[in-house]
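The values are calculated or read from the model by the stated rules, or taken from the named source; none is laboratory data. This is a predicted model, so every value here is computed, not measured. Backbone-built Cβ (ideal geometry, glycine too); neighbour counts: all protein chains shown.
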Number of protein chains: 2
Amino acid sequence: MEPTLEPLADTLIEAPVAEKQGRRSGGRAGRVAVRTAPLAANLRPVRPGMSGGQYSALSEANVLRIHEAALDALETIGLSQAPPSGIEIMTGAGAILGDDGRLRFPRALVEDMLALAKKDVVLHGRDPAYDLDLSGTRVHYGTAGAAVHVVDVETRTYRESTAKDLFEASRITHALDNVHFFQRAMVCRDVVDNFEMDINTLYACCGGTTKHVGTSFSDPSHIAGCMDFLHTVAGGEEAWRARPFVSNSNCFVVPPMKFAEESCITMENCIRAGMPVLLLSAGQAGATAPAPLATAIVQAVAECLAGVVYVNAMAPGHPAVFGTWPFVSDLRSGAMSGGSGEQALLTAGCAQMHRFYGLPGGAAAGIADSKLPDMQAGWEQATSNVMAGLSGLNMVYESVGMHASLLGFCMESLVLGDDMLGQVLRCVRGIDVTEDSVSLEAMREVCLEGPGHYLGHSQTLSVMQTEYIYPVLADRTSPKEWVEIGKPDLVQKAIARKNRILDQSTVPLFDPVTDAALRAAFNIYI
Amino acid sequence: MEPTLEPLADTLIEAPVAEKQGRRSGGRAGRVAVRTAPLAANLRPVRPGMSGGQYSALSEANVLRIHEAALDALETIGLSQAPPSGIEIMTGAGAILGDDGRLRFPRALVEDMLALAKKDVVLHGRDPAYDLDLSGTRVHYGTAGAAVHVVDVETRTYRESTAKDLFEASRITHALDNVHFFQRAMVCRDVVDNFEMDINTLYACCGGTTKHVGTSFSDPSHIAGCMDFLHTVAGGEEAWRARPFVSNSNCFVVPPMKFAEESCITMENCIRAGMPVLLLSAGQAGATAPAPLATAIVQAVAECLAGVVYVNAMAPGHPAVFGTWPFVSDLRSGAMSGGSGEQALLTAGCAQMHRFYGLPGGAAAGIADSKLPDMQAGWEQATSNVMAGLSGLNMVYESVGMHASLLGFCMESLVLGDDMLGQVLRCVRGIDVTEDSVSLEAMREVCLEGPGHYLGHSQTLSVMQTEYIYPVLADRTSPKEWVEIGKPDLVQKAIARKNRILDQSTVPLFDPVTDAALRAAFNIYI
């Protein structure tokens, strides 16, 4: 099969981190090595930003029912506890402050603000090659969360997460083709001062990858200092504002139907600083959100629509991601269950509401309840990730590495998740039906003239790299081969790949002058 | 929360095997025990035969293109190597035998036979409670395959599968709520005589469960003896023909576009014996089927349409399952890859073709390439199973227990698969949007009058058992609780559940007189 592969081999590009593996040269192993070498971006079977939307968790009629109920909730229940600045902004646009202190939103106001809201948001990478186009049903997978533990798979223990852990997760993400952005996934628990934590979070994230970064500032008063950091990285405020490469995740509401005062002010500051925002409503069905899945979506949509009013009344067309993130409780215990089928449905239903509004949307998928990267983790992460992608969710947050219902982050799971997401992305890409692909020419040749099989047929060779994706770690050997190669353990392979990536990555990804400036201005723990 | 649960507890029904677990009584554990006790069938959050179809891997236009291409293939390429009896049957109906020995099918013939084909097939269980209604997009999950190994998870070895293994897999399946039928998953390699293997396969399958059983007879000459066996189990031929509880999987074609002579004659014999048949086309994309996914589906559809002509020309309306099972090759090595995204897409695309024809359909999903029940196995099995279900595939074959791309069957994986399929089925059920579920009454109470959360709200309690599914083995503890309970290992829990099921199951599920009759007439290895 080699001849037809040569042209492909000529177009190889380097992956962000060229992982040099000790492969036997020549023979079958050599051929496999050539075939598994990275393809040019335009020839790859999967890419960031492929279009989903083949799956609709809700019928059109039910989308409308949820939309109507959300408008009704905004008009009649409204949200309490907006900060004075938010009250001024939103009443200025037409929201009504009741005697009970709740802001209510006439539906005409919501519709006007939906019309103003930016539809074609791009989340920039520090390297433009990693820009994320959130239009339509384009799908991107990445990390997120606020795990307080790192999972040590070798000792099966949960330990406190540190700035160094976050940095390593960022560096690993930089090397993974199928993880498209890096949002802060862990809390730097070794950094005690809250401002320093925000700064070190930025350093860890931006220092490890030039993909788009997400963070979540802890206090409105930190924004100015954090912007100094980001301007230094960007090379000035103008450069930052032209291509803001960090977005801020704002838990601007505390469900049910309450604004989070401090987070709202943080959001206002981020908007003034030119930072894209994630309007995050993270209710928990059965606890802080209604238990029926449809009503949990209604509440999340209502809360995020309030956020759309807030943002667009303040800064029309400011880039914002519609962040309906309803979570699931295990109603027996009240504990969160991110790995449940109910969670997958909530996320898929939300993605469909985003499509309905034509707004860039994000939600959580890929969370494992399992403590370790075991079979349970695999089925939990895959179910919600594939449903999110097929729903056309623009930003699939928390899609890799997350265990114990968001309490633990696992580096080996992140590495394995890259393989999982490769297969998931293949599913999102779907079945290409073209004149060529339903042509019977090859079938005619093979059946009527040829050898009676398609092995080595030019049609087969033409699609083997562009339509089929091959895993990096996942095992496809026969039982016999598996014995011959020593029955490799999946988690051990993940540890090895993790170490290979960390050994070979260049860090930090700041030029020395910038790095020195950052270290002079801030207390960097890394 | 107990008061509202008492009425539910009163309606408890026994699962097929009541698994008595050593639970601490009283307190939280006691409450959890009540809440996890089996619910009455009509109250369960998931059931066999729920309707999928929310996901469409193919657009309507592309479904038509594939249909047209398949008709074209039948008309112009046709199939070779039909047995003389099949040639007689099919040319009698209007198929044309060419000088090249190929049977070609005018499209009018295919359309006429599609009109005759039975749409509302029921596959019976020996116990009518397990009947499978294959109408519409009703989804059922079960086993299948011809694995030649059993996976021993404790020693991480693959050993030859035996009749006893098959019997145990059947017994375990009988106890699993979310595995709806038991098709022969392993070859009884300890039974050397082929007729005795067919008989012992029937004994192992039917002796372990009263759910619907699938088998695959190895030789046309065995059918008469096997029907004696089945008549004995049924209590006579009339009883058997009234409710045939075993279907036969016929690999009636050897792709590409060739009939399998002997298997065709076996199929004819099964049809005469009143046995439902699975028209199985198991090409391998890139090897025995075209590599582009769309063309692989075209070929599988064409072959199964030839099967529809065959069956309905011989016995109009005979129950048959449209069994497009295209598999995937890893094109680097030629090895099968059942765990790939491409496989999930092939199966989903096929399910949509079944919907188009309105015929009961089956395909393969849930296959792991991984050798063991690890994280890779989890994501591989979940991805294709959830996509198959959301596609509305009537019969999801090979959905649990299958490893090494069908070469190995794993009992622990079967047990874990029950949990996985529970979550998958929850996804298939979808989001209920009713007047109640989008009512804002609860939200109003909670936000405007109540405690500000939904915990313990009557709405929450009303859905906690009927809309949420809880896993049996999967872990949802917090990291702290997980340490307290000794960091249980998932596979060890599966071993324990497997042993509990086997310890407590009554076997064989034949009355003593029948069992004695079977043992007198046949050489039973079990």
Count - residues of the stretch B:267-282 that are touching a helix residue (DSSP H, G or I) at 6+ places or on another chain (Cβ under 6 Å) and crowded, with 24+ Cβ neighbours inside 10 Å: 3
Filter the stretch A:203-226 down to the residues that are assigned to a helix (DSSP H, G or I) and surrounded by 21 or more Cβ atoms within 10 Å (Cβ to Cβ), then identify the one that is nearest to the chain's Cα centre (by Cα). A:Cys205
When residues of the stretch B:329-342 are filtered for being under 11 Å from B:Gly283 (Cα atoms) and facing another protein chain (nearest Cβ under 8 Å), how many remain? 0
Could you go through the stretch A:340-349 and let me know if any residue there is surrounded by fewer than 24 Cβ atoms within 10 Å (Cβ to Cβ), under 18 Å from the mean Cα position of the chain (by Cα) and at pLDDT 95 or above. no
Say whether the condition of being out of contact with any Phe, Trp or Tyr (no Cβ under 7 Å at 6 or more places or on another chain), assigned to a helix (DSSP H, G or I) and closer than 27 Å to A:Met227 by Cβ is met by at least one residue in the stretch A:139-157. no
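So which residues in the stretch B:365-386 are facing another protein chain (nearest Cβ under 7 Å) and of a type outside the set (A, V, I, L, M, F, W, C), if there are any at all?
B:Asp369, B:Ser370, B:Lys371, B:Pro373, B:Asp374, B:Gln376, B:Gly378, B:Gln381, B:Thr383
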Quick check on the stretch A:494-526: of everything there that is buried (at least 19 other Cβ atoms within 10 Å of the Cβ) and among the basic types (Lys, Arg), which residue is farthest from the chain's Cα centre (by Cα)? A:Arg497
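Collect the residues in the stretch B:59-95 that are of a type in the set (Gly, Ala, Ser), within 30 Å of A:Ser437 (Cα to Cα) and crowded, with 18+ Cβ neighbours inside 10 Å, keeping them in residue-number order. Write out each step before concluding.
Of the residues in the stretch B:59-95, the ones of a type in the set (Gly, Ala, Ser) are B:59, B:61, B:69-70, B:73, B:78, B:80, B:82, B:85-86, B:92-95.
Right, trim to within 30 Å of A:Ser437 (Cα to Cα) and you get B:59, B:61, B:69-70, B:73, B:78, B:80, B:82, B:94-95.
Correct list: B:Ala69, B:Ala70, B:Ala73, B:Gly78, B:Ser80, B:Ala82, B:Ala95.
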Does B:Ile469 fit the bill of being within 32 Å of the chain's Cα centre (by Cα) and more than 7 Å from chain A (Cβ to nearest Cβ)? no
What pairs come up if the first residue lies in the stretch B:82-101 and is at positive phi, the second is in a loop (DSSP other than H, G, I, E, B), and their beta carbons are under 7 Å apart, counting only those six or more places apart or on different chains? B:Gly94/B:Pro106
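Within 24 Å of B:Ile501 (Cβ to Cβ), within 14 Å of another protein chain (Cβ to nearest Cβ) and modelled with pLDDT of 95 or more: does that describe B:Val46? Spell out the reasoning first.
Details: within 24 Å of B:Ile501 (Cβ to Cβ): yes; within 14 Å of another protein chain (Cβ to nearest Cβ): yes; modelled with pLDDT of 95 or more: yes.
Yes, satisfied.
Would the stretch B:103-111 turn up any residue that is in a helix (DSSP H, G or I) and touching a His at 6+ places or on another chain (Cβ under 9 Å)?
Quick first cut of the stretch B:103-111, residues in a helix (DSSP H, G or I) only: B:107-111.
Subset that is touching a His at 6+ places or on another chain (Cβ under 9 Å): none.
No, the stretch B:103-111 contains no residue that is in a helix (DSSP H, G or I) and touching a His at 6+ places or on another chain (Cβ under 9 Å).
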If we keep only residues of the stretch B:58-75 that are part of a helix (DSSP H, G or I) and either at the interface with chain A (Cβ under 7 Å from one of its Cβ atoms) or at pLDDT below 95 (or both), then the residue farthest from the chain's Cα centre (by Cα) is B:Asp72
Within the stretch A:449-491, residues being surrounded by fewer than 18 Cβ atoms within 10 Å (Cβ to Cβ), at pLDDT 95 or above and in a helix (DSSP H, G or I) number 4
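How many of the residues making up the stretch B:507-526 are outside any helix (DSSP H, G or I) and without any contact (Cβ under 8 Å) to a residue 12 or more places away in the chain? Give the derivation first.
Keep residues of the stretch B:507-526 that are outside any helix (DSSP H, G or I), which gives B:507-511, B:522-526.
From what's left, without any contact (Cβ under 8 Å) to a residue 12 or more places away in the chain: B:511.
Adding up the residues that qualify gives 1.
Select from the stretch B:130-174 the residues that are of a type in the set (Lys, Arg) and under 19 Å from B:Val246 (Cβ atoms) and list them in ascending order. Reasoning before the result, please.
At the first step, the residues of the stretch B:130-174 found to be of a type in the set (Lys, Arg) are B:138, B:156, B:159, B:164, B:171.
The answer is B:Arg171, and nothing else.
May I ask you to verify whether A:Gly323 is of a type in the set (Gly, Ala, Ser), in contact with a Ser or Thr (Cβ under 8 Å, 6 or more places away or on another chain) and either without any contact (Cβ under 8 Å) to a residue 12 or more places away in the chain or more than 14 Å from every other protein chain (Cβ to nearest Cβ) (or both)? Show your work before the answer.
Numbers: of a type in the set (Gly, Ala, Ser): yes; in contact with a Ser or Thr (Cβ under 8 Å, 6 or more places away or on another chain): yes; either without any contact (Cβ under 8 Å) to a residue 12 or more places away in the chain or more than 14 Å from every other protein chain (Cβ to nearest Cβ) (or both): yes.
So A:Gly323 passes the test.
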Per-region count, the stretch B:292-335, residues in contact with a strand residue (DSSP E or B) (Cβ under 8 Å, 6 or more places away or on another chain), of a type in the set (D, E, K, R) and farther than 22 Å from B:Ser263 by Cβ: 1
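Could you identify the single residue in A:Ile66, A:Ile89, A:Ile77 that is within 30 Å of A:Val424 (Cα to Cα) and β-branched (Val, Ile, Thr)? Even if it seems obvious, please write down each step before you answer.
On the way: A:Ile89 fails: within 30 Å of A:Val424 (Cα to Cα); A:Ile77 fails: within 30 Å of A:Val424 (Cα to Cα).
Result of the check over A:Ile66, A:Ile89, A:Ile77: A:Ile66.
How many residues, within the stretch A:189-236, are among the hydrophobic types (A, V, I, L, M, F, W, C) and closer than 26 Å to A:Glu160 by Cβ?
Residues of the stretch A:189-236 among the hydrophobic types (A, V, I, L, M, F, W, C): A:191-192, A:195, A:197, A:199, A:202, A:204-206, A:213, A:217, A:223-224, A:226-227, A:229-230, A:233-234.
Narrowing the set further to residues that are closer than 26 Å to A:Glu160 by Cβ leaves A:191-192, A:195, A:197, A:199, A:202, A:204-206, A:213, A:217, A:226, A:229.
Number satisfying all stated conditions: 13.
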Failed condition for A:Val396, given (1) assigned to a strand (DSSP E or B); (2) facing chain B (nearest Cβ under 7 Å): (2)
Index of the failed condition, B:Gly334 passing every other in (1) under 29 Å from B:Gly389 (Cβ atoms); (2) out of contact with any helix residue (DSSP H, G or I) (no Cβ under 9 Å at 6 or more places or on another chain); (3) not in a strand (DSSP E or B): (1)
Within the stretch A:399-410, restricting to residues that are outside any strand (DSSP E or B) and crowded, with 24+ Cβ neighbours inside 10 Å, the one that is nearest to the other protein chains (Cβ to nearest Cβ) is A:Ala404
Kindly indicate which of A:Val428, A:Val438, A:Val424 is assigned to a helix (DSSP H, G or I) and facing another protein chain (nearest Cβ under 8 Å). A:Val424
List every residue pair whose Cβ atoms lie under 6 Å apart, where the two residues are 6 or more positions apart in sequence or sit on different chains, the first residue falls within the stretch A:165-188 and is assigned to a loop (DSSP other than H, G, I, E, B), and the second residue, located anywhere, is modelled with pLDDT under 95. A:Ala175/A:Pro16; A:Ala175/A:Val17
Starting from residues that are under 26 Å from A:Gly142 (Cα atoms) and buried (at least 24 other Cβ atoms within 10 Å of the Cβ), keep the ones in the stretch A:249-263 and report whichever is nearest to the other protein chains (Cβ to nearest Cβ). A:Pro255
From the list B:Pro360, B:Pro292, which one is without any contact (Cβ under 8 Å) to a residue 12 or more places away in the chain and either more than 11 Å from chain A (Cβ to nearest Cβ) or buried (at least 24 other Cβ atoms within 10 Å of the Cβ) (or both)? B:Pro292
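Tell me the residue from A:Val438, A:Val446 that is modelled with pLDDT under 95, crowded, with 19+ Cβ neighbours inside 10 Å and among the aliphatic types (A, V, I, L, M), please. Before you say what the answer is, go through the steps one by one.
Working: A:Val446 fails: modelled with pLDDT under 95.
Matching residue, one of A:Val438, A:Val446: A:Val438.
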Restricting attention to the stretch A:472-499, which residues are within 30 Å of B:Pro290 (Cβ to Cβ) and either at the interface with another protein chain (Cβ under 7 Å from one of its Cβ atoms) or hydroxyl-bearing (Ser, Thr, Tyr) (or both)? A:Ala474, A:Asp475, A:Arg476, A:Thr477, A:Ser478, A:Pro479, A:Trp482
